[in-house]
Amino acid sequence: MCGIVGGVTNQNITPLLLEGLKQLEYRGYDSSGLLVLSNNNSFLRARSVGKVHNLEKNLNTRKKRIKGNIGIAHTRWATHGEPSNRNAHPHISNNTVGVVHNGIIENYLELKESQSKQGYKFTSDTDTEVIAHAIEFNMQSSNTFLESVQKAINSFEGAYGLGIISSKHPDTIIAARKGSPLVIGVGKYGNYIASDQIALLPITRKFIFLEEGDIAELKLEKITIYNQNGNKVNRPIKTSKIKEGQVDLGVHKHFMQKEIFEQPQAIRDTLESRITKESVVVSAFGYKASEVFKNVKQVQIIACGTSFNAGLVAKYWLEDIAKIPCNVEIASEYRYRNPIILDRTLFVTISQSGETADTLQALKTAKEINNKIDTLCICNSAESSITRESEFTFLTHAGPEIGVASTKAFTTQLVALALLTCSIGVSKKNINKQNEKSIVDGLKRLPGLINETLLQESQIKKLAVRFKDKNSALFLGRGTMHAIAMEGALKLKEISYIHAEAYPAGELKHGPIALIDESMPVIAIAPNDELLSKLKSNLQEVKTRGSQMIVFEDKESKVKSMKAMKIISITSNLGRITAPIIFTIPLQLLSYHVALIKNTDVDKPRNLAKSVTVE
Ligand code: M6R
């Protein structure tokens, strides 16, 4: 979640660190800092709260310039300890070891206690500071810098991407990763590290991607990498084709297709540092989130389009799992209807762009009506009007979404909302340890499950032909799957221009069944849940009206095959949280392939804009 950059070079490292931090700002930050080893081997550190720009100002106004050939830098998003100068990275131990860290050290309180007994004085409230002290402590009994890091790392539980320098080893930077990404940049004038290659693109195109458990020792002209067993390994140098500030299609035909296939990684990125082995990191929603969540009485969700559909799924989760009342409303309605907003409401806006005019205005209106409410936005854009207007921000790390039809933004919003559900439930003691762990386990399975589901693309492509001459389609689901059916219908409408409607399957008899005949394809989502038998009866009702049907089911759902019905078994053992996310994937693929057949402008469908900044 935080950003790391560092390097050893024969030039002044400070401007490179600053530029790298600016490139990482898209991941969100509340403070930043850098640490450089001066030419007389003493540490020079600068830290500032707020934007990287504040750090730059801080550097420019110093009498003594921060200059040197080796350094590390960091943008922080507070989880352990408030956003402040003292909590900003890098952290230093005994003027000897400096550390930047991405991730969470889960056993930091234990380590802190024993280090305090060893005489270490703590100057921050972070989990990171124990890393610096542990390395410093192990230096006393180690032959090399590397050995001290290896020994220290053995005492850590949790996740880390680390950049470490030492005043005793002025020619070396050590990088280590477990659970958090870290890449090495191989440059002409030095070697570098970063949590994302984007930070190093202005300097190099050559990258080495560290693997889980790797530790690397970087010197000016040499990089040595050790695997988790301490054995020297060769990792390949890859040349990046990413152009600065530009997102390219890679092997894909359209951005929408690319973004559908990016979902496993987007979800991994969104989960990073937000979960531990068995729990959610409530403070990922904000330093004071736990206190707010404990006291909150109801949740009001506001959004538009796809983001609204994500909110609808969350209503089921929040009420069913976190046991808190939740309302979801379209922003353009909410902003004009003088709503009653009770005290202790958590007002949640969901927006990919963070610029949707209606959502922004609904938020402003809500704050005017009741200025005591707490506001949280779930957003994919760190620097946006809605994040600026909100008290708490949770960034989905979907990466840039170019296709107008939202795909990875939606599934990462669902992940964020699952984390919110769990965080509120845990804070209110409505979710016990065991349930929390099972939610976390489910979230961890998501990237693999999505990859499995994406393998069905060729089957789904064949089905798309059925829509060639169709003018309408009906999507059916029950529970959270009604919201997923709405998202499926929205996707089909947006990019194939086929009229599509979604209905809760139980509502069929109350009207829409009159529409069903051979010319109206019906797409049903049939997870193996407590509503399955009811859905199966609804499918019978549809079938007798002669419709062509497509059913996406769980392998255990065992929907009975009928004439003109195609059943696609997606995957198995889905839970309340994983099922809606996984069943979204075949619907995205279906609309994408229908749009190809219809030969529409998939990434820029007619009449639509990516970000709706006007009413
Ligand atoms: O940026 P936002 O999430 O606030 O945008 C909301 C809608 O405009 C957006 O989700 C729209 O419905 C998409 N085109 C759906 O694919």
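The values are calculated or read from the model by the stated rules, or taken from the named source; none is laboratory data. On a predicted model such as this, the values are computed, not experimentally measured, just so you know. Heads up, the Cβs are rebuilt from the backbone with ideal geometry, glycines too, and the neighbour counts pull from every protein chain shown.
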Fill in: Subset of region 59-78 [surrounded by fewer than 24 Cβ atoms within 10 Å (Cβ to Cβ), of a type in the set (Val, Ile, Thr) and in contact (Cβ under 8 Å) with a residue 12 or more places away in the chain]
66
Worksheet item: So how many residues does region 266-276 have that are assigned to a helix (DSSP H, G or I) and out of contact with any helix residue (DSSP H, G or I) (no Cβ under 7 Å at 6 or more places or on another chain)?
Response: 1
Item to complete: Search region 235-251 for residues being surrounded by 11 or more Cβ atoms within 10 Å (Cβ to Cβ), among the hydrophobic types (A, V, I, L, M, F, W, C) and out of contact with any Asp or Glu (no Cβ under 9 Å at 6 or more places or on another chain), and hand back the single one that is modelled with the highest pLDDT.
Response: 237
Worksheet item: How many residues are assigned to a loop (DSSP other than H, G, I, E, B), at pLDDT 95 or above and buried (at least 19 other Cβ atoms within 10 Å of the Cβ) if we restrict to region 426-478?
Response: 1
Item to complete: Name the single residue, out of those in region 382-429 being of a type in the set (Gly, Ala, Ser), more than 15 Å from the ligand (Cβ to nearest atom) and more than 17 Å from the chain's Cα centre (by Cα), that is nearest to residue 51 (Cα to Cα).
Response: 427
Worksheet item: Looking at 591, 572, which is the one that is at negative phi and assigned to a loop (DSSP other than H, G, I, E, B)?
Response: 572
Item to complete: Determine which single condition residue 485 fails, assuming it passes every other condition in (1) closer than 23 Å to residue 601 by Cβ; (2) crowded, with 24+ Cβ neighbours inside 10 Å; (3) within 16 Å of the ligand (Cβ to nearest atom).
Response: (1)
Discussion item. Being among the charged types (D, E, K, R), within 28 Å of residue 16 (Cα to Cα) and in contact with a His (Cβ under 7 Å, 6 or more places away or on another chain) narrows it down to one residue among 76, 86, 177; which is it?
Written reply: 76
Worksheet item: What strands (runs of 3 or more DSSP E) lie completely within region 1-104 and have 3 or more residues being in contact with a strand residue (DSSP E or B) (Cβ under 6 Å, 6 or more places away or on another chain)?
Response: 3-9, 31-37, 43-49, 70-76
Practice prompt. Scan region 79-103 for residues that are buried (at least 23 other Cβ atoms within 10 Å of the Cβ) and within 17 Å of residue 121 (Cα to Cα) and jot them down.
Written response: 87, 88, 89, 90, 91, 93, 97, 98, 99
Discussion item. Here's a check for you: in region 548-560, which residue that is without any contact (Cβ under 8 Å) to a residue 40 or more places away in the chain and in contact with a strand residue (DSSP E or B) (Cβ under 6 Å, 6 or more places away or on another chain) is surrounded by the most Cβ atoms within 10 Å (Cβ to Cβ)?
Written reply: 552
Practice prompt. Among the residues of region 131-152, count how many are among the hydrophobic types (A, V, I, L, M, F, W, C) and touching a strand residue (DSSP E or B) at 6+ places or on another chain (Cβ under 6 Å).
Written response: 6
Item to complete: Please specify each residue of region 497-537 satisfying the condition of being part of a strand (DSSP E or B) and either among the aliphatic types (A, V, I, L, M) or in contact (Cβ under 8 Å) with a residue 60 or more places away in the chain (or both).
Response: 500, 502, 522, 523, 524, 525, 526
Item to complete: Provide a single number: the residues in region 566-615 that are surrounded by 15 or more Cβ atoms within 10 Å (Cβ to Cβ) and either without any contact (Cβ under 8 Å) to a residue 24 or more places away in the chain or of a type in the set (Phe, Trp, Tyr) (or both).
Response: 4
Item to complete: Output yes when any residue across region 168-178 is over 28 Å from the mean Cα position of the chain (by Cα), assigned to a loop (DSSP other than H, G, I, E, B) and hydroxyl-bearing (Ser, Thr, Tyr), and no when none is.
Response: no
Worksheet item: What helices (runs of 4 or more DSSP H), lying completely within region 277-374, carry at least 1 residues that are touching a residue at least 12 places away in the same chain (Cβ under 8 Å) and within 16 Å of the ligand (Cβ to nearest atom)?
Response: 305-317, 331-334, 357-369
Practice prompt. Would you mention how many residues in region 368-413 are touching a Pro at 6+ places or on another chain (Cβ under 9 Å) and under 17 Å from residue 282 (Cα atoms)?
Written response: 0
